[in-house]
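Here the structure is laid out as structure tokens; the discussion comes afterwards.
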Amino acid sequence: MSLPASSTESNSQLKAVGCLIGGISSFQVGATLAKGLFPLFGPTGMVGLRVCLAAVILLCIWRPTRGSLTVERLKLLLPYGAAVAVMNFCFYVALVRLPLGVVVALEFTGPLTLALVGSRRWLDLCWAGLVVLGLVLLLRPEGATTDLSSLNLFGVAAALLSGCGWVVYILTGTRMGKMFPAPVATTLGMSTAGILLLPCLIPTIPTVLSHPWQGGAALSVAVLSSAVPYILDMMAMRTLNPRELGILLSMEPMLGALSGFIFLHEALSIMRWMGVLCIAAASAGNVLTGRQKPLH
């Protein structure tokens, strides 16, 4: 006995959401490891190691065939891979110059824009508004960082550019997921990003050779922060549309806060925990109501 179409669609969407949350969680765990490697490799060196090592790992597991790379697919692959490189590179460049909360808030203007564009129902705007409220509560500057006039303008520009990378990543990733199996699409995108970030990787090679334990830790970061989350993201992109991805990806600050609390013992204020709950409620509401279709 086959399941009704609506039930099958709901199950597929829930699996996609689970993949997306799993990818975000893996990224956050990898970020806690990467934080300790910044003094040795630097932010640009760390992103070069992470992306290039992830590309090598993926190519060892999944080798795309030459026939699968048509001209039409290459035109989509190049901006997808470039988006992966830009969003990662700019995030770490901004993180050196700005507080983490400010960087994430600026970066997520990209997914939030996708969440708002194309909304046709008042309920969609309510979920997007709840996400905005949650981000304000969760990422609002506290203490000395409230003086926004002291922010490094280059860092602000880098964080905003990372947000633009998110937009291109979501829009191209949803189309890539329909052209290739998720692992193959991720391998192609990560390999393209790795080629673009080779100038960041090459200067770190002597340091890796002289510090093999830290090089092994960088390999773990590549698996947790690049290989695993991007595969799970691509699997989610095969089911979810860009607007839904824009809202659900805004859960990353929430899971980042939980990761910091669990692994780094970073306590949150009551207002920031309220922001966590707002984002969780908005994400759940979007999933439960975003794809209902009228019966005919």
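Summary of values
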{"read-out": "Surrounding net charge for Phe27, when Lys and Arg each add one and Asp and Glu each subtract one, Cβ distance under 11 Å", "value": "-1"}
{"read-out": "Three principal axis lengths of the range 11-52 [C-alpha, angstrom, descending]", "value": "45, 18, 9"}
{"read-out": "Nearest-0.05 FRET efficiency for Arg121 and Met179, computed from C-beta distance (R0 35 Å)", "value": "0.70"}
{"read-out": "Inter-label distance for Leu59 and Ala280, nm, one decimal - labels placed 7 Å from Cα along Cα-to-Cβ", "value": "4.2"}
{"read-out": "Cα-based convex hull volume of the range 180-243 per residue, rounded to whole Å³", "value": "93"}
{"read-out": "Full-extension gain in nm, Leu153 to Val96, via 0.36 nm per residue minus C-alpha separation", "value": "19.3 nm"}
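Read the figures in this text as sums done on the coordinates, not as results from a lab. This is a predicted model, so every value here is computed, not measured. Neighbour counts are summed over all protein chains in view; Cβ atoms, including those assigned to glycine, are modelled from backbone coordinates with ideal geometry.
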